[in-house]
Structures are given as C-alpha cells and as structure tokens.
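**Student:** Sharing a structure below in structure tokens format, with a few things to ask.
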Amino acid sequence: MTVNDPPGPESPGRLLIIGGAEERGYGAGLLERFVELCGGDEARIVLVTTATGMPAEVHADYEQVFRKLGADRTSELRLRGRADADGDDAAGMLAAATGVFFSGGDQARLRTLIGSRTNDILRERLARGLVVAGTSAGATALGRTMILGGNGPEVAAAAVRTGPGLGLVPKLLIDMHFAERGRLPRLLSAVALDPDHLAVGIDENTAILVEGTRFEVLGTGVATVADAKNSTVVHPAGDCDPITLYDVRLHLLPAGCRFDIENREPSIGPAHHRY
C-alpha cells in the first residue's frame, strides 16, 4: 500500500495533521484530500468543535465546504464536558463515521477528552481504518503531548507549556501556524524537555499525512522536523534561563517529502506535489 491508496476496511487509518488556516475556497486541496480519504460522496464526517468558542459558525463553515467537495453527511460533535465525551451519543456518532475532523480554537478545551471513552474509541477505530484530521489547535492535540501555549525568542522551559494529548500519533509533538508565527524557539523548547519525541512544526495551509510509521508533506508550506534524540541537553536551574541544546537534527520538508518516523529519516518522494 502507498500513501496515496485508500485504506481497506481493516487497514490502519490515517491522520491528516494541518498547520491551520487551510484553504476553504476554490482549490481547497487539503480538505479535498480529507474528503477523498473519508470515502468521497460516501463519507460520513464527524466534526469535533470542542476547541472553538464559536461552534455553530465553525460547523456551518466546514459543513458547507465539505458539501461542495461532495460530502453531504457532516455531523457536529460538540462535547461540552467529560460527560459528553464518555456518553453514548458520542460513541454512536464515532462508530458510524468514516472521518473525524478536529477544528481549531483553544487546545486547552480539548483536555476534557483526554482518557475519555471518546479518546479510546478514536484509538480503536483509527487502528481499523478511520481517518482523523485536525487543524491548528485540533492538530497539536493529536499527539501524546500537546503544546498548550508559550512564546518568546529563547529556548527555555518557560517558552512552552505542554500537557497530555489524545495520543493518536504518540511519537510526534505537533506545533502549528509555524513559520507564520515564528515558533521555532517554542518547538525546540518542547523537544528539549522531551527528546524522545519528534517535534514537527507545520506551516499554514500545509499538512502531514500520517500512515503507520511514515508521513508525507502536503500543501503550500513546509513541515519542520526537530530531532533531539541524540542531542546534548543541559537544563539550567531556572525555567526562564536558556537551555543548552546542541547536535539537533533539523529537517525542512516541503510538499512531496516523506519522513520515516520509526527510523527518523527524511526522503524525497517520487514527485513533489502540493496535495
């Protein structure tokens, strides 16, 4: 099976992790790819709007886009709290879905899902062919650890705040709006605190398509991978003091590039393409 083949009914699922601000008008390539992976006009998409403060508006927006792309069955799963995330309604919707899409917003709102029945169902269904996508806040939540905030020009513990994520792509730590918001110091701070992770910063209108232990880069920007597994890291006494970090491997991967997560090796695909 290649990255471009649709998964079979018992094949492992895929994750489309988007750096935010994806094109939703003419030529909405990343969302079109998501709809195709979910089954095209047979897609049954569940839109999780928990992260946003404007769920009705976000639902209406994505529903319209997905309909234009041929998928006219989009349901909203708002999950207002842990009771919703553990409830039968959520379980039923997820059981019938071919694709689940996490909207952007504030990723802190997604903490209510961590360890919930919804979280367990997503893991189980992903192993059997479900397609899961997330954009912006919904992207960083897909890892075992998610970035909750932080900024600044320094590489330091105080430059980043992290918390547990959904664990759907456990070896990756995701940051978003990456080049546009100058987040390399934040990404390096995060990976210095947990070098076992591969840290991936994804530009806007850009995504990584994860299948098994590999991913491919799609879209118009770059995915930046920081690998500190064999680096030297020295933590200072104070969280605001700079971390000593050297021998970090840094990869800049535009569309068409691929990455072997297990072996931590990048490669260029047979042909560069945007989507």
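**Student:** Give me the 1.4 Å probe accessible area per residue for the chain, excluding ligands and nucleic acids, in Å².
**Tutor:** Here the per-residue accessible area is 42 Å².
**Student:** Which residues' amide hydrogens lie under 5 Å from the amide hydrogen of Arg14, considering only partners 5 or more residues apart or on another chain, with H built in the peptide plane?
**Tutor:** Here Val131, Val132 satisfy the definition.
**Student:** Using the Cα centre as the reference, give the magnitude of the dipole from point charges on the C-beta atoms of the range 90-129 (Lys, Arg: +1; Asp, Glu: -1; all else neutral), rounded to the nearest 20 debye.
**Tutor:** Result for the range 90-129 is approximately 60 debye, rounded to the nearest 20.
**Student:** For Met146, what residues show an amide H to amide H distance below 5 Å, using hydrogens built from the backbone and excluding near sequence neighbours?
**Tutor:** Hits under the 5 Å cutoff: Gly163, Gly165.
**Student:** Applying the Karplus parametrisation 6.51 cos²θ - 1.76 cosθ + 1.60 with θ = phi - 60° to the phi angles of the range 90-98, what ³J(HN,Hα) value in whole Hz is obtained for each residue in order, glycine and proline being reported as x?
**Tutor:** 5, 4, x, 5, 5, 5, 8, 7, 9
**Student:** Spin-label point model (7 Å from Cα, Cβ direction): what's the Gln64 to Asp247 distance in nm?
**Tutor:** So the two model labels end up 5.4 nm from each other.
**Student:** Still on this structure, I have one more. For the range 125-223, how big is the tail of P(r) above 18 Å, as a whole percent of Cα pairs?
**Tutor:** The proportion of pairs with Cα distances above 18 Å equals 42 percent.
**Student:** What percent do you get for the relative contact order of the chain when only Cα pairs under 8 Å and 6+ apart count?
**Tutor:** Relative contact order comes out at 19 percent.
**Student:** Using just the helices of the chain, give the 222 nm mean residue ellipticity in deg cm²/dmol: DSSP H runs with n ≥ 4 each add -39,500 (n - 2.57), and the total is spread over all residues, rounded to 500.
**Tutor:** -6000 deg cm²/dmol
**Student:** Using Cα pairs closer than 8 Å and at least 6 residues apart in sequence, work out the relative contact order for the range 1-139, in percent.
**Tutor:** 37 percent
**Student:** Given bins 10 angstrom wide, list per bin the percent of all Cα-Cα distances in the chain, short to long.
**Tutor:** Final binned percentages: 7, 31, 37, 19, 5, 0.
**Student:** Right, next: Roughly speaking, to the nearest percent, how much of the chain's 1.4 Å accessible area is carbon and sulfur?
**Tutor:** C and S atoms contribute 50 percent here.
**Student:** For the range 37-175, with only Lys/Arg (+1) and Asp/Glu (-1) charged at the beta-carbon, what is the dipole magnitude about the Cα centre, in debye rounded to 20?
**Tutor:** Taking the Cα centre of the range 37-175 as origin, the dipole is about 340 debye.
**Student:** Among Gly25, Gly165, Gly150, which one shows the highest mean-square fluctuation when the chain is modelled as a Gaussian network with alpha-carbon springs under 10 Å?
**Tutor:** In the Gaussian network model the winner is Gly25.
**Student:** Looking at the chain as a GNM with Cα springs under 10 Å, which of Pro170, Pro153, Pro12 has the largest mean-square fluctuation?
**Tutor:** Pro153
**Student:** Related question: Which ³J(HN,Hα) values in Hz, rounded to whole numbers, follow from the phi angles of the range 106-120 under the Karplus curve 6.51 cos²θ - 1.76 cosθ + 1.60, where θ = phi - 60° and Gly and Pro get x?
**Tutor:** Values per residue, Gly and Pro as x: 10, 5, 4, 5, 7, 5, 5, 8, 4, x, 7, 4, 4, 4, 5 Hz.
**Student:** Determine the equivalent ellipsoid of the range 1-130 by diagonalising the alpha-carbon gyration tensor, then write out the semi-axes as square roots of 5 times the eigenvalues, largest first, rounded to whole Å.
**Tutor:** After diagonalising the Cα gyration tensor, the semi-axes are 22, 19, 13 Å.
**Student:** Tell me the label-point distance for the pair Arg82, Ala56, using the 7 Å Cα-to-Cβ offset, in nm and rounded to one decimal.
**Tutor:** With each label point 7 Å from Cα toward Cβ, the separation is 2.9 nm.
**Student:** With θ set to phi - 60°, apply the Karplus curve 6.51 cos²θ - 1.76 cosθ + 1.60 along the range 183-196 and write out the HN-Hα couplings as whole Hz, x wherever there is a Gly or Pro.
**Tutor:** 9, 4, x, 5, 5, 5, 4, 5, 6, 5, 6, 8, x, 5
**Student:** Any chance you could run the full-extension gain for Glu42 through Ser75? It's 0.36 nm times the residue separation minus the Cα-Cα distance, nm to one decimal.
**Tutor:** 10.5 nm
**Student:** For Phe101, list long-range residues whose amide hydrogen, built 1.01 Å from N in the peptide plane, is under 5 Å from its own amide hydrogen.
**Tutor:** Placed amide hydrogens put Val46, Leu47, Val48, Ala133 under 5 Å from Phe101.
The values are calculated or read from the model by the stated rules, or taken from the named source; none is laboratory data. None of these values were measured; they are calculated from a predicted model. Here Cβ is always computed from backbone atoms with ideal geometry, including for glycine, and neighbour counts include all displayed protein chains. Remember, those area values only see protein heavy atoms, side chains included, never the ligands or the DNA or RNA. Shrake-Rupley method; radii C 1.70, N 1.55, O 1.52, S 1.80 Å.
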